[in-house]
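Below: the structure, in structure tokens.
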Amino acid sequence: MQIRKIKIQNFRLLKDFSIDLEENLSLIIGKNNTGKTSLLSLLERFLSGKQNNFTFYDFNIEFQKEIEEALSKDIAKEDYNNLGINLRLYIEYFKSDNLGNLSDLILNLDPKENFLVLSFSYLLENDKYSKLKQDYNEFKTTFKNKSVLEFLAKNHRQYFSINKRVVEYKNEDNEIEIKDEQTSKIISLKTISAKRDVANEEGENVRSNKTLSKLSYKFFNSLNKSESTDVSDLQVKLFETDDKLNETYEKTFQKVVDDIKKFSYSTNESQISIKSNLEEMNILKENTSVVYKQDNKELPEDYNGLGYMNLFAMVFNLHLIFDSFKKVHTDQEKPADINLLFIEEPEAHTHPQMQYVFIKNIKRLLLEGKEGLNNLQTVISTHSSHITSQSSFNDIKYFFKESINSVICKNLFDLERQYGSEESEKKNFQFLKQYLTLNKSELFFTEKVIFIEGDTERILLPAMMKKIDYENIDKNYTPLLSQNISIVEVGAYSHIFDSFLNFIAIKTLIITDIDSIGADGKKCKVADGVNTSNASIKYFLKDIDLNNLKTLNHDSKILSKKDSSWVNDEKGLICVAYQTEQNSYHARSFEDAFISVNLDFINLNKDSFKSLKNRDEIKATSADYFDIAENCIAKKSIFATDILYYSGENYQEWQVPDYIKEGLVWLSK
């Protein structure tokens, strides 16, 4: 038995939202403000909270407009559809499951329809709709300038009510009410919030936080009587010597300590142990301390970094949650049918290597915690590209803000189908997976991206962005360097990211070379060329010959994907930038494009540039830019470094080629 799908309507950014959950682990990723926390918040309100904790601002903005429109009309009872926030959990069950908790709730006995749908709503039902209209009309007689939404913001709890039901799968008209005690037998929700209580503040007036020590006490206090150490025996031993008690603690906390060791990627890192500290009257609660052993010295827990405290606190909390899931509740004979664990942003305060260690070990720890439970489904939300890169593609759920008031969720495993089943298409998808895993999972979290071919552009592009920002400082312009833009070196393979770019739907600038070739298929000057050898240009700008490529304007290079092809669209999210004619010269590559507009700068510094050879061929007049690029640059990456080394703070000594400037200005908007 497991939750297969969650559907949400009208809650914050989750206007019409759906997410598929995996059997064991689902990893939620996405940029800031894409509804990851909202998903958890709504689950908690319906599954964990007894009270009405909804606020007016939980209503999606578009939904608020729907409420306003409905209240401006007189809708007959038979035509009225309840307005509200909705959550639906689609639970799949099987013959092998114990259906004792579900038997009274199954509304369709067809074995093929093996889904239970739990429906939770915060609704404005018809009678309350009529009452709201009446009350607001009375309110308007005194407060004429107040809108119905302003009235509702302060009074929505009088009209909206929480509704919990079971709905027949594929037949929403058939439904029955469900009680909280029935729901708790089916689903138990536990969370490890992003706001974890860890701190290592210092100073005379700062009292030690002792978060880990408090958690160790809770862990100890939660142990079942079946554990090897009897709580009452330990209570007596607390009054004995510290050495005796420390031996007992070592046994009590061995499992947690061993798990924490597995999360440490180096044997030289701090090692955790639990020590007795007999100082206060409240012996057990106040004298359970966590200390760190470093260089054979024991230090208090809050002398260690926040990253370790955060990681160790999560391990403690996981054990507490596993134990809570397994405990027999007074009103039920066994754990819930489904145990849902939600971990928010485990990467807090941790550096990349520790994030790798976490995600590599978490599945093992969850598998161990699953023992003794009917079902354990875990959801982890993260902003960490390092955690993402070490996760299975099939586990990843990408939250994407498709409009200002709406977020959708995409399954990464759907990408494979989008790439196709042909052998070459499978190879492209395999390359994408490897590239994202090894290099650039940050693409899932960036706002915009620039694809470049090689080292020269990678070294110089940040300087070009800074230069363009400086030149536009007094204009209505958003600086490029203040935006969340990733620069990705993809060589000649930007076209392989085709379906991926369409999938993540972020603004993308592809900076490439026109790569003119002659009739013999060999590279040549653009003026002598008959075609291009550039794979990305051929892919994104299909059926355009070299002559048309040379004269194609900027707007014609902005594209959107329609069906299986990229077509011109002025509102498109992809722009292909390549060399254009500038100062009566059409360059073939970045190097001759840069030289053609900066010959004086190159000529002035040619004796100092370490990247150059055949320096005598570089002349201030009658220069052949193509030949200079071909014959005088010994190493392209060093050429780029030379340009930076001999530049001033704002790079005023040289100019950005027009095709790059045009693309960057487009990207900045």
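Points worth noting:
- Alpha-carbon centroid distance for the pair the stretch 174-194 / the stretch 347-424, whole angstrom: 24
- Between the Cα long axis of helix 658-668 and the first principal axis of the chain there is an angle of about 20°, rounded to the nearest 10.
- Note on Ile473 and Tyr646: with the Förster distance fixed at 30 Å, the Cβ-Cβ geometry gives a FRET efficiency of about 0.80.
- Positive-end residue of Asn598, Ser647, Ser72, charge dipole of the chain with Cβ unit charges: Ser72
- Nearest 10 degrees, 0 to 90: helix 352-369 Cα axis against the chain principal axis: 40
- The stretch 342-383: C-alpha gyration tensor shape, a/c 1.5 cut-off, then a/b vs b/c: oblate
- For Leu25, the amide hydrogen comes within under 5 Å of the amide hydrogens of Thr378, counting only partners 5 or more places away or on other chains and with H modelled in the peptide plane.
- R0 of 51 Å, Cβ-Cβ distance Asp528-Glu402: FRET efficiency to nearest 0.05: 0.65
- Cα→Cβ-extended label distance, 7 Å offset, between Asn52 and Thr621, nm: 8.7
- Less than 5 angstrom separates the built amide H of Ile192 from those of Phe342, Ile343, Glu344, all sequence-distant by 5 or more or on a different chain.
- Bridge type composition, the chain - antiparallel percent by DSSP, nearest 5: 65
- Remark on Lys5: its backbone amide H falls under 5 Å from those of Leu21, Tyr90, a criterion applied only to residues 5 or more positions apart or on other chains, H modelled at 1.01 Å from N.
- About its Cα centre, the dipole of the chain is roughly 660 debye, where the only charges are +1 on Lys and Arg Cβ and -1 on Asp and Glu Cβ.
- Cα-based helix-to-principal-axis angle, 423-438 vs the chain, degrees rounded to 10: 70
- If the segment from Ser421 to Glu113 were pulled out straight at 0.36 nm per residue, it would be longer than the present Cα-Cα gap by 107.8 nm.
- Cβ-Cβ FRET estimate between Gln182 and Lys466, R0 fixed at 60 Å, reported to 0.05: 0.45
Just so you know, all these numbers are worked out from the coordinates, no wet-lab data involved. The structure displayed is predicted, hence computed values, not measured ones. Ideal geometry is used to build each Cβ from the backbone, glycine not excepted, and the neighbour counts take in all protein chains shown.
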